[in-house]
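Reading through the structure tokens given below for one structure.
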Amino acid sequence: MSLLDRIRACQNDDGDAYLPFRVAGVAIGHIKGEFVPSIAKFGDVFDIDDTSVALMANLQSYEERTQAIARVLDELRNEGLVPGWRDEPYSVGPAFSAPPLFEMERAAVPLFGVPGYGVHMNGWLNKDGRTHMWIARRSLTKPTGPGKLDQMVGGGQPVGISLRDNLTKECGEEAGIPTALAETAKPVGTVSYTTVRPEGLRNDLLFNFDLYVPQDFQPVNQDGEVAEFMLWEIDEVIQRLSDTEDFKFNSALVIIDFLIRHGFIEADDPNYPDIVAGLHR
């Protein structure tokens, strides 16, 4: 699979299978048609017709919407319809910079196709004149992508914390990176995608960071979410991306972005324009 194929695999959605999900008159997500019967019984929360699903208009405040959605999700969870429950509230709104309309459990975000956000960090260094990257293997107990290869650090963006503070927290939890080192990570851009996954419709925006790691630093996981860390030359990273399915789908996009920015994908590559454009939905 080429790098472009890897990107195209993350930019797919079957629009015909979904109904728009509206809140306060604004379409903020998409719900798969076959999931709609599961929420149709909550007539005091959802207004459903053949063309869309909307939160009831009388749910006007952030708190009212949050409480109503929480009640729905608790019941759906008890029915086994919200796998991978995390007890992590996410802010939900039409865009990252827009005022949030309510919050909901992270595991339910793909079921409603609402925007999700996260921070991902490439840990890299020069060793013996060659670029190396720290690669994490996800724990087999992770609800998404168990055992897959990943960035050195990555995590979802929960309610009530800044992107920078969230990254610093994740650095400590996932790789044992001291705060002083974590704070040197540089923001380098974003990747975004809309893709159908087993957990639902992922409509995500990831904020990317690069951290130059000292040669004598050895990452050590603290929270049980990483099985092991490996330091690979960049050529091996590229080979694994191109020839295997080893990387978690969105982590692959973040690494491809790194490869572009650091000049490992040449502008003369015939796929270069499509690779660059494909990192953003």
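The values are calculated or read from the model by the stated rules, or taken from the named source; none is laboratory data. Everything quoted here is computed from the prediction, not taken from an experiment. All Cβ positions, even for glycine, are placed from backbone atoms using ideal geometry, and neighbour counts span all protein chains on display.
Enumerate the strands (runs of 3 or more DSSP E) found wholly within segment 118-229, keeping only those where 1 or more residues are among the β-branched types (Val, Ile, Thr), modelled with pLDDT under 95 and touching an Asp or Glu at 6+ places or on another chain (Cβ under 7 Å).
On the way: elements: 130-138, 153-156, 186-197, 200-212.
Output list reads 186-197.
Tally the residues that are within 11 Å of Gly278 (Cβ to Cβ) and either touching an Asp or Glu at 6+ places or on another chain (Cβ under 6 Å) or in contact (Cβ under 8 Å) with a residue 60 or more places away in the chain (or both), restricting the search to segment 3-33.
Within segment 3-33, the first condition is being within 11 Å of Gly278 (Cβ to Cβ), and the residues that meet it are 3-11.
Cutting the leftovers down to either touching an Asp or Glu at 6+ places or on another chain (Cβ under 6 Å) or in contact (Cβ under 8 Å) with a residue 60 or more places away in the chain (or both) gives us 3-4, 6-11.
Matching residues across segment 3-33 total 8.
Report, by residue number, each residue of segment 12-33 that is touching a helix residue (DSSP H, G or I) at 6+ places or on another chain (Cβ under 8 Å), closer than 27 Å to Lys248 by Cβ and surrounded by fewer than 16 Cβ atoms within 10 Å (Cβ to Cβ). Before the answer, list the steps.
Step one: filter segment 12-33 for residues touching a helix residue (DSSP H, G or I) at 6+ places or on another chain (Cβ under 8 Å), giving 17-19, 21, 23, 29-33.
Still in the list and also closer than 27 Å to Lys248 by Cβ: 17-18, 21, 29-32.
Within segment 12-33, Ala17 is the sole residue that qualifies.
Tell me, which residue of segment 50-77 that is modelled with pLDDT of 95 or more and charged (D, E, K, R) is surrounded by the most Cβ atoms within 10 Å (Cβ to Cβ)?
Among residues in segment 50-77 that are modelled with pLDDT of 95 or more and charged (D, E, K, R), the one surrounded by the most Cβ atoms within 10 Å (Cβ to Cβ) is Arg65.
Report every pair of residues separated by at least 6 positions or lying on different chains whose Cβ atoms are under 6 Å apart, first residue within segment 168-195 and under 15 Å from Trp134 (Cβ atoms) and without any contact (Cβ under 8 Å) to a residue 60 or more places away in the chain, second of a type outside the set (Asp, Glu) and surrounded by fewer than 16 Cβ atoms within 10 Å (Cβ to Cβ).
The qualifying pairs are Gly176/Val220; Gly176/Gln222.
Can we say Ala252 is loosely packed, with under 14 Cβ neighbours inside 10 Å and either assigned by TED's automatic domain parsing to the domain that holds Thr195 or touching a residue at least 60 places away in the same chain (Cβ under 8 Å) (or both)? Show your work before the answer.
Numbers: loosely packed, with under 14 Cβ neighbours inside 10 Å: no; either assigned by TED's automatic domain parsing to the domain that holds Thr195 or touching a residue at least 60 places away in the same chain (Cβ under 8 Å) (or both): yes.
Spelling it out, it is not the case that Ala252 is loosely packed, with under 14 Cβ neighbours inside 10 Å and either assigned by TED's automatic domain parsing to the domain that holds Thr195 or touching a residue at least 60 places away in the same chain (Cβ under 8 Å) (or both).
Suppose the filter is farther than 28 Å from Val276 by Cα and touching a Ser or Thr at 6+ places or on another chain (Cβ under 7 Å); does Glu103 pass it?
Answer is yes for this residue.
Of all helices (runs of 4 or more DSSP H) completely enclosed by segment 1-111, which ones contain at least 1 residues that are in the same structural domain as Leu205 (by TED's automatic domain parsing) and in contact with a Gly (Cβ under 9 Å, 6 or more places away or on another chain)? Break it down stepwise before answering.
Numbers: elements: 3-8, 36-40, 62-78.
Hits in segment 1-111: 3-8.
Applying the selection to segment 198-244, what residues are of a type in the set (Val, Ile, Thr) and either over 23 Å from Arg6 (Cβ atoms) or in contact with a helix residue (DSSP H, G or I) (Cβ under 8 Å, 6 or more places away or on another chain) (or both)?
As a first pass, look at segment 198-244 and keep what is of a type in the set (Val, Ile, Thr): 213, 220, 226, 234, 237-238, 244.
Result: Val213, Val220, Val226, Ile234, Val237, Ile238.
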